[in-house]
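**Q** Sharing a structure below in structure tokens format, with a few things to ask.
The numbers here are math on the coordinates, done by the rules we state, and not lab data. All of these numbers come straight from a predicted model, not from anything done at the bench. Ideal geometry is used to build each Cβ from the backbone, glycine not excepted, and the neighbour counts take in all protein chains shown.
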Amino acid sequence: MWLPGALLLLSLAGCFSIQGPKHVQGREQGSLTVQCHYSPQWTNYQKWWCRGRHWRTCHILVQTRGSEQEEKQGRVSIVDDQRDHSFTVTMEKLQRDDMDTYWCGIKKSGTDLGTRVRVTVYPGKDFLRTDATSSEPVAWPTAHNLEMSSGSHKRTHYVLLVFLKVPILLVLVSVILWLKGSQRTPQEQ
């Protein structure tokens, strides 16, 4: 019967996930790295990094080819670590106008998966402290760049819940009640 297939569809919401930091920051002329994590079923899919307020209309800056080979476009590179189920984007020689909304994404049939990352670029030394053990400047860590975002996962789960899970559940309950009712035999009087 088709019941196992329907139950499989009901459990798919947890599969559509990609996560990344909500916010990253770097200093002008420096670089920053963003690491985004994904579920194992998206391992061989192309990953992308795009810029723009809305992810469906953002401009893809760099993308993988579905392999672990590093890809580079201008000052931006991306590499997919398929064993770790994560990909890393590096932006180099940061400029103040790089400050914007970006998206980590996975290219798939239908609607791509994506999660928003806000990038802040600070001028020169305003953003830096010097580590006591070296003369290298080190960026102050913040709670923002340690948080993980699962906004697209929540949005996808809600859409699946409303438009797929609930209707399938109602159909299943209706079919079960109908089958249960049709198995009754009329009582003899």
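**Q** Determine the gain in length on full extension of the stretch residue 101-residue 35; use 0.36 nm per residue of separation and subtract their C-alpha separation, reporting nm with one decimal.
**A** Result: 22.2 nm gained on full extension.
**Q** How much net charge surrounds residue 91 when only the other residues with a Cβ under 9 Å from the Cβ of residue 91 are counted, with Lys and Arg +1 and Asp and Glu -1?
**A** Cβ neighbours under 9 Å give a net charge of 0.
**Q** Still on this model: Rounded to two decimals, what is the ratio between the C-alpha radius of gyration of region 36-87 and 2.2 N^0.38 Å?
**A** In units of the 2.2 N^0.38 Å rule of thumb, it is 1.13.
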